[in-house]
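The values are calculated or read from the model by the stated rules, or taken from the named source; none is laboratory data. Fair warning: this is a prediction, and the values are worked out from it, not measured in the lab. Note that each Cβ is placed from the backbone with ideal geometry, even for glycine, and that neighbours are counted across all protein chains shown.
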Amino acid sequence: MHQDIEKILLSQPEIEAKSAELAEQLKVDYADKRPILLGLLKGSTMFMADLMKTLDIDLQIDFMDVSSYDGAASTGDVKIVKDLDLSVRGRHVIIAEDIVDTGRTLERVIELLRSRGAVSVEMVTLLDKPEARIAPIAAKYVGFTIPKSFVVGYGLDYNEKYRNLPYIGILKQSVYL
Ligand code: 5GP
């Protein structure tokens, strides 16, 4: 285990099994819909790869980079760093997220996709922190509900570090306090 990690919350096998389960649900719900699976950079990349491998239906993938975080705190201000390439008009969109925290990021992205003519927008998130929610956002497909602590690994960072850890761990407070 990495020295900055307090404890491992979710192991790689646990995460992979859950991703496969979520992909099975999506497979049933989107079999004939040719959805766009939209990953939010950079945190969703490992989870996105897991999902894609099991989600053997006709789909397209795209990425968007929106940012609302500065270090370990949400700023509440969401900006689009990279927009998606595909048009969402008339399409079913599944947003893949690493974690839903305050919900502000997703709220903005959903608003934007709807205003651009997406037929439906649903969310699949690996992690959900419902205690921290500010915006009224509920992901339809949730991997794990976790407590309010700050986690890293499996795509999630602290100041761009730890994204490559193959597990989700709680970061030691001494690292960011
Ligand atoms: P929200 O807009 O829901 O507050 O924040 C969503 C984004 O904030 C996530 O995609 C993620 O990048 C970041 N975030 C929220 N909670 C955590 C956390 O516990 N750890 C890390 N590393 N990022 C988080």
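So which strands (runs of 3 or more DSSP E) are wholly in segment 64-177 and hold at least 3 residues that are at negative phi and charged (D, E, K, R)?
Strands (runs of 3 or more DSSP E) meeting the threshold: 73-82.
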In segment 79-128, how many are of a type in the set (S, T, N, Q), surrounded by 18 or more Cβ atoms within 10 Å (Cβ to Cβ) and more than 8 Å from the ligand (Cβ to nearest atom)?
1
Picked from segment 1-60 (must be more than 30 Å from S174 (Cα to Cα) and of a type in the set (D, E)), the residue nearest to the chain's Cα centre (by Cα) is D50
If I ask for residues that are hydroxyl-bearing (S, T, Y) and either more than 16 Å from the chain's Cα centre (by Cα) or more than 24 Å from E14 (Cα to Cα) (or both), which ones from segment 119-161 would you list?
S120, S149
Can you name the residue in segment 129-153 that is at pLDDT 95 or above and more than 10 Å from the ligand (Cβ to nearest atom) and, of all such residues, is surrounded by the most Cβ atoms within 10 Å (Cβ to Cβ)?
G143
